Amino acid sequence: MNFNLKKVSVALLMACSLTACVDDGDDGQAGITGENGANGTNGVSTFVTRDDVLKTNANIAYAAYSDSLIAAQSLRTAITTFVALPNEINMKAAKKAWIDSREPYGQTEVYRFRVGPIDALKDDGTIGEEGDGPEGKINAWPLGEAIIDYVAVEVDGDSGPETPANALANNIIANTTDFPTIDAASIAGAFEHGEDERNVTTGYHAVEFLLWGQDLNTDLAGAGTRDSSGGQRPVTDYALDGTCTSGAGNTVTPTTCTRRGQYLTAVADLLIADLEPIVNAWEPVTGTHYKAFITGGDVSLAKILEGMGRLSFGELAGERINIALTTDSQEDEHSCFSDNTHRDIFLNAKGVQNTFNAQYTRIDGEVISGASIYDLLVVGGDHELANSLRGSLEATMSAAAVVDTKAKTGTPFDVLIQEGIEQPNVVAVIKALVKQTDEIEQAIDALGVSAGDIRQDTEEDI
Amino acid sequence: MKNKSYFSSIQPTIILGVLSIALTACGGGGSNETKSVVTPTPEPIVDHSGLSPLINNTVDPKEHLPGGDATVFKNNEDAFSTRPKMIADNFKLDGFFTSGDHLFRTPDRDIGPMLSTGSCQGCHINDGRGNIPASPTAPMLSMLLKLGNNTGAADPIYGDQLQPFAVQSFKTPDFSSGISIHDGSINGTELYGEAFPFIVYETINGTYPDGTSYELRNPIYKIKNLSFGLFMENIRFSVRIAPQAFGVGLLDAIPAANIISLADENDTDGNDISGRASMALDVFSGETKLGRFAYKAQNTSVLQQVAGAYGGDIGISNSIFPNESCTEQQQACQMAADQESKVGSEHDFSDKNLALVEFYNRTLGVPARRGFDKNNSTWDENIIAGRKLFFDTQCVDCHTPRHVTGEAKGSVLGKLTLTGLEENAEPIAMLSEQTIFPYTDLLLHDMGGSCVVTRETDIGDSCTTGAECMYVQRCDGLADGLIQGDASGSEWKTPALWGIGLVKTVNPKATFLHDGRARTIEEAILWHDGEAESRKEAFMALSQEERQQLIDFVESL
């Protein structure tokens, strides 16, 4: 008989022996004239079900958002130390804490674009629609830096609001009249001032701006040649004695430095406060969204693929990479103050790969893994697609690793994009993301779900 | 008009179809000619789209979905900036929409040297309407000022549009640094905005036949502090507020013949309404085509409108409008233009980015109607009553409720991909073959009035020269005095009414009509004159309750 043991996993044999297998050739009595055995699953357990995949996906969401919260708390501690004792060492430690905080958060962004807590969690703890969640308060960009603190005249892009009519008088740190107290409430109150989405005053990038300052390039005015460093904010911007500055050499009243420290501390507090409900919503067993998600069936499965596809194409390849590339604008660069954009790209892409492979490495090194979409495709007979998509995600990671390495070796993203639309390393990431998006679409078809079904775009709202 | 938009004549193809059916239906081998007389079939009454006409007391089952497949279900501040489901459900289309949105709201590096605002969203606030300045001393930030003389020619120094700002207003923290200064740029080196336009209002009081009084505010446009010297002789000014942006992709896809069939230049049907099609140069084909965009319908496509706005309003040169926002006589502006970086192409903005913004504008969704209960498919009775009044007072003669779209072709710039444009752009399915309810005929109508421009000082004394000597334009009625393409100084394109009830939800400061003079929909109706005078009078003759019902209906659109 034509019996190829390699193609049949142990799991399959077990499954057959448990169920009423008729003659699948396992006794070999019919010899080569016997029926072919069923295709195996290449070592993937045939017991992997859709609901297993949902649970693993939810467990990783909890782990990644928890890591983000833990890292944000570490950031807050480092900021407290720095603001109390503003020296170079403490500033460096605070910057390091910010960079560290971005590592888990970047990998959570694949949980966006799927009507999950990050995009849709309302203040009352229920899930609304996209836009109701705290995402903008946590990670919106470009930042409205000009309404937070002093800025250079021009840094390759406009940092102001959509219209000067929405500008706040002066900036919040300098404006003691309208903002006598700087705390979480006053900063949150200025967020999207005048209903202007460009008036971003909170989140990771506000912390980043307050630590690094604008990336002023070689002429220290913003207009010159881009260099390999991030922003040039001097530590004296936080000096509590008479040496307080707003930019190197520009001595100002110590009140300004005190207020800058208050802003930095308050915005870190807000970041923690905005992350906490997300973590709670994903808490295994008890979290409201966790419970709903793991019992959501095909709709939840569609959400996973929707997040993968929309992050891959529209957000990462489109808005975060291609727009920055075609406008050659530092303002359109995601982490423009710290020059950490290469990590944003790498970690966003990594999140998509994590999701497909159902594997995530926590900040303490613990590896979480479980039932994956890869497994589900294999079990469903789509071995080739499973393998092809796995390969495409790997190709994206290798292309992103090039951008990552270039940045770490002295050519950050803002320099890479400078050659206009021809920059091959950056274009390679875009192309890889486009290819993986095509295959994510195929996976949606293969798994028989419809990404569109997750949007309750009905007339009920009217 | 040769027809009145709904109880209309028949399209020739349909007549033929009916006749051929009638003829073949008489069968019988033709041996008995005398008996084969065709009974005159009553002419089927169809509208300009070939559909059964809408009537005053029966709501079409699709009317609650004014954008067809492009309808969106938001009635909050996002009502005009939402992607329809067919876009959201496709990763690629969703991505192009997202990128287009980013470009729409983000100021480009190479804005200016002179401009009206720094980004698309700077005028189209929240993708809705702009604001009039809060006071005569506040600059105009989300409005435009078009220029021309009494024959429609552009000003040799200032061009066909006044840009109130120089780029430093938007690129430095000092907003006032780019505002115009009297003769400030004449030296050819220092660049300021071209002039400072502002509006003052005089009150017009009126009374309804039932004795209810109303108050309108009539704008007087004033222009001071000309940076580059005097305007040409017989200059005219047209002040326009940015309109809401959504729905234009659907209007673009209405077959031109359907619109043109509504025209009735000589009012042959004697209904007072003499709509004219605006025929304009299509910059891509070089042909004369139906204009349908902008307040005087001078633009033939969404892309032309978008590219023109980038060029004229923001100072972003592109392959379609390659000139910077300066005339040859504005040396200080030309010098500043030479400093721009022009990323990746000879223009400020690449065709790919232009195509992304075009796609975004074409696919922005149309908000669903309010007042409809989906669960039992019924309408609010008040809305039904208002609808009947809207029909009975013949508002529908210009505000044509319904159209159908043909195939919405892909961009003439090419097929979008993230890495570049390719050949053979595919049609946009969501916009094609849709039944839509925009409430416009897209035709030009004479709304009456005329304008006079004088030179005056601050206190109204006549003057001819000097820093204190302003230009002042007074108009009666809706006229702006500016000839633009086929449109005269008192003609305007019928604006679409869909979404009008959400205008203030999206931007609470927004107002109505081309220059924002009407604070309410009621005021906007009362400004109608010229061809529309009898309709306005019909509205005024209604009882107070009926007027409110009609307004409630318009608010539900």
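The values are calculated or read from the model by the stated rules, or taken from the named source; none is laboratory data. Note that the coordinates shown come from a computational prediction; the quantities given were computed from them, not determined experimentally. Cβ atoms come from the backbone with ideal geometry, glycine included; neighbour counts cover every protein chain shown.
The figures follow:
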read-out: From A:VAL367, A:VAL299, residue being more than 27 Å from B:ASP108 (Cβ to Cβ) and without any contact (Cβ under 8 Å) to a residue 40 or more places away in the chain; value: A:VAL367
read-out: Lone unmet requirement of (1) at pLDDT 95 or above; (2) touching a Cys at 6+ places or on another chain (Cβ under 7 Å) for A:LEU270; value: (2)
read-out: Unique match (being within 10 Å of chain B (Cβ to nearest Cβ), in a helix (DSSP H, G or I) and touching a residue at least 40 places away in the same chain (Cβ under 8 Å)) among A:GLY261, A:GLY309; value: A:GLY309
read-out: Filter result for the condition that a residue is surrounded by fewer than 21 Cβ atoms within 10 Å (Cβ to Cβ) and under 21 Å from B:TYR214 (Cα atoms), over B:ILE483, B:ILE551; value: B:ILE551
read-out: Subset of the stretch A:411-432 that is within 22 Å of B:ASP351 (Cβ to Cβ) and among the hydrophobic types (A, V, I, L, M, F, W, C) - its residue that is modelled with the highest pLDDT; value: A:ILE430
read-out: Verdict on B:ASP155 being farther than 29 Å from A:LEU143 by Cα and either more than 10 Å from chain A (Cβ to nearest Cβ) or among the aliphatic types (A, V, I, L, M) (or both); value: yes
read-out: Members of the stretch A:415-447 found to be away from chain B (no Cβ under 13 Å) and part of a helix (DSSP H, G or I), listed by number; value: A:VAL415, A:LEU416, A:ASN425, A:ALA446
read-out: Number of positions in the stretch A:111-147 that are of a type in the set (A, V, I, L, M) and under 26 Å from B:PHE73 (Cα atoms); value: 6
read-out: Helices (runs of 4 or more DSSP H) within the stretch B:1-108 that include 3 or more residues buried (at least 20 other Cβ atoms within 10 Å of the Cβ) and modelled with pLDDT under 60; value: none
read-out: Residue within the stretch B:537-546 that is in contact (Cβ under 8 Å) with a residue 60 or more places away in the chain, under 19 Å from the mean Cα position of the chain (by Cα), part of a helix (DSSP H, G or I) and surrounded by 21 or more Cβ atoms within 10 Å (Cβ to Cβ) present; value: no
read-out: Qualifying residues in the stretch B:64-123 (those that are in contact (Cβ under 8 Å) with a residue 12 or more places away in the chain and among the aromatic types (Phe, Trp, Tyr)) - the one nearest to the other protein chains (Cβ to nearest Cβ); value: B:PHE73
read-out: Answer residue from the stretch B:239-290, given it is part of a loop (DSSP other than H, G, I, E, B) and of a type in the set (Val, Ile, Thr) and is nearest to B:VAL412 (Cα to Cα) among those; value: B:VAL283
read-out: Test for A:GLY365: is it out of contact with any His (no Cβ under 9 Å at 6 or more places or on another chain), surrounded by fewer than 17 Cβ atoms within 10 Å (Cβ to Cβ) and not aliphatic (A, V, I, L, M); value: yes
read-out: Options B:ASN131, B:ASN149: the member that is surrounded by fewer than 21 Cβ atoms within 10 Å (Cβ to Cβ), over 26 Å from B:ASN353 (Cα atoms) and either at the interface with chain A (Cβ under 8 Å from one of its Cβ atoms) or more than 22 Å from the chain's Cα centre (by Cα) (or both); value: B:ASN149
read-out: From the options B:PHE349, B:PHE359, B:PHE372, residue that is closer than 30 Å to B:GLU190 by Cβ and within 14 Å of chain A (Cβ to nearest Cβ); value: B:PHE349
read-out: Members of the stretch A:274-298 found to be surrounded by fewer than 16 Cβ atoms within 10 Å (Cβ to Cβ), in a helix (DSSP H, G or I) and on the phi < 0 side of the Ramachandran plot, listed by number; value: A:GLU276, A:LYS291, A:ALA292, A:ASP298
read-out: Spans of helices (runs of 4 or more DSSP H) in the stretch A:25-121 with at least 3 residues crowded, with 23+ Cβ neighbours inside 10 Å; value: A:50-84, A:88-108
read-out: Unmet requirement for B:CYS469, which otherwise passes all of (1) within 21 Å of B:LEU144 (Cα to Cα); (2) free of Cβ contacts under 8 Å to residues at least 40 places away in the same chain; (3) surrounded by 17 or more Cβ atoms within 10 Å (Cβ to Cβ); (4) more than 14 Å from chain A (Cβ to nearest Cβ); value: (1)
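Condition check ((1) under 25 Å from B:MET430 (Cα atoms); (2) assigned to a helix (DSSP H, G or I); (3) of a type in the set (Phe, Trp, Tyr); (4) within 23 Å of the chain's Cα centre (by Cα)) across all residues:
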site	(1), (2), (3), (4)
B:ALA337	no, yes, no, no
B:PHE349	no, no, yes, no
B:ASN353	yes, yes, no, yes
B:TYR360	yes, yes, yes, yes
B:PHE391	no, yes, yes, yes
B:VAL396	no, yes, no, yes
B:THR400	yes, no, no, yes
